[in-house]
Amino acid sequence: MAGDNPNSRPLAGRRAAVTGSTSGIGLAIADALARAGADVALNGFGDHAPALAQVGAHGTKVVFVGADLSKGPDSQKWVADVQAALGGLDILVNNAGIQHVAPVDEFPDDKWDAILAINLSSNFHTMKAAIPAMKAQNWGRIVNIASAHGLVASPFKSAYVAAKHGVLGLTKSTALELAETMVTVNSVCPGFVDTPLVRGQIADQARVNNMSEEQVVKQIILASQPTKRFVTADQVAETVLFLCSEAASGITGSSFSVDGGWTAR
Ligand code: NAD
């Protein structure tokens with residue numbers, strides 16, 4: 001257990017919420033925040049019991065606050081529910097996201113709307129709801145999980161790329177508005193992380209290209225990542241943890257690539 005040394009619990013007393021934290025990167029972020037001493041509100045679809053057990057094992061208060069964050073008013077109500085459950089909100093991590101891969105001229109309208117709603121607009125709605133209290137207490141950390149696809153594009157991912165580029169712009173604009181407060185707003189841009197979201201793409205690509213999943217990982221997925229290794233969810237989580245620390249007080253409006261060298265090309 002993260003121990004008796006207070007330096008190992010730098011976020012003790014902080015209240016954090018992570019969207020889409022029943023799985024993948026969001027779960028790793030929630031886990032890291034709780035390990036650092038924060039109380040944490042989880043969110044996401046599917047069975048949340050395993051995530052509650054994992055994150056709760058660090059001994060801080062951990063609650064699940066469900067909501068479909070693709071619906072604007074629900075996102076704003078979700079923040080109010082989190083504030084009620086934790087007694088306030090100091091750290092907001094917008095992580096929930098989905099993907100769909102298709103040529104732009106065949107891209108289903110409903111998939112476009114869904115991706116923009118959850119990957120971009122939910123960040124606006126949760127920030128809009130969370131910022132007044134953060135301003136009033138003059139402390140806050142907002143971290144938006146974008147993607148390498150917030151900086152560069154790939155074919156067949158028009159909605160995802162548009163949304164993630166939008167997240168970077170939204171992050172910068174919000175950071176500037178809050179710059180004179182002690183509320184920072186930053187984004188993190190992961191490369192490929194082996195999560196259910198990416199596993200879905202690997203299975204699709206294997207089917208379409210008549211390849212094994214192993215071939216897809218080597219020849220397609222990791223082709224853009226110079227390390228030829230997946231980034232881990234824990235590596236993304238540690239970057240978020242740093243941005244939530246006092247050491248990162250001077251960082252706002254920035255994006256941090258954790259992408260195995262992808263965008264260095
Ligand atoms: P994941 O599928 O493992 O997890 C996504 C989470 O979002 C789940 O908890 C899911 O229930 C939740 N979610 C989806 N729609 C929701 C909605 N409408 N309301 C509430 N919750 C919802 O995916 P992941 O790979 O961990 O992705 C997390 C984030 O990281 C996403 O924003 C994704 O775009 C980004 N990202 C992932 C990778 C990668 O390679 N996996 C790379 C770059 C960026």
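The values are calculated or read from the model by the stated rules, or taken from the named source; none is laboratory data. Please read these numbers as outputs of a predicted model, since none were measured by experiment. Every residue, glycine among them, receives a Cβ derived from its backbone with ideal geometry; neighbour counts consider all protein chains shown. Surface accessibility is based on the protein's heavy atoms, side chains included, excluding ligands, DNA and RNA. Shrake-Rupley method; radii C 1.70, N 1.55, O 1.52, S 1.80 Å.
Structural remarks
- Estimated FRET transfer efficiency (Asp194, Lys77; beta-carbon r; R0 35 Å; 0.05): 0.60
- The stretch 112-139 versus the stretch 221-265: alpha-carbon centroid distance in Å: 21 Å
- J(HN,Hα) series, the stretch 255-264, from Karplus relation 6.51 cos²θ - 1.76 cosθ + 1.60, nearest Hz, glycine and proline x: 10, 10, 7, 10, 10, x, x, 3, 8, 6
- Amide hydrogen neighbours beyond the local backbone of Asn144, cut-off 5 Å, H modeled: Asn94, Asn186, Ser187, Val188
- Per-residue Karplus couplings for the stretch 25-37, computed as 6.51 cos²θ - 1.76 cosθ + 1.60 with θ equal to phi - 60°, are listed in order as 5, x, 5, 5, 5, 4, 4, 5, 5, 5, 4, 7, x Hz, Gly and Pro entered as x.
- Of all accessible heavy-atom area on the chain, the percent that carbon and sulfur account for (1.4 Å): 55 percent
- Sorted peptide list for 194-205, 229-240, criterion being average Cβ within 10 angstrom, highest first: 229-240, 194-205
- The stretch 204-252 - Rg and Dmax from Cα coordinates, angstrom: 16.8, 50
- Remark on the stretch 43-145: Rg and Dmax equal 15.4, 50 Å (Cα only).
- ³J(HN,Hα), Karplus 6.51/-1.76/1.60, whole Hz, each residue of the stretch 124-132, x for Gly, Pro: 4, 5, 5, 5, 4, 6, 8, 5, x
- Relative contact order (percent, whole number), the stretch 129-265, Cα cutoff 8 Å, 6+ residue spacing: 31 percent
- Under 5 Å, built H, 5+ apart or other chain: amide partners of Ala41: Ala16, Ala17, Val18, Val63
- Using C-alpha pairs below 8 Å separated by at least 6 residues, the relative contact order for the chain is 18 percent.
- Efficiency of FRET between Ala57 and Phe242 - r from beta-carbon atoms, R0 22 angstrom, step 0.05: 0.50
- Helix 158-177 axis versus longest C-alpha principal axis of the chain: approximately 30°, rounded to the nearest ten.
- Rounded to the nearest angstrom and listed largest first, the equivalent-ellipsoid semi-axes of the stretch 104-213 from its Cα gyration tensor are 33, 14, 11.
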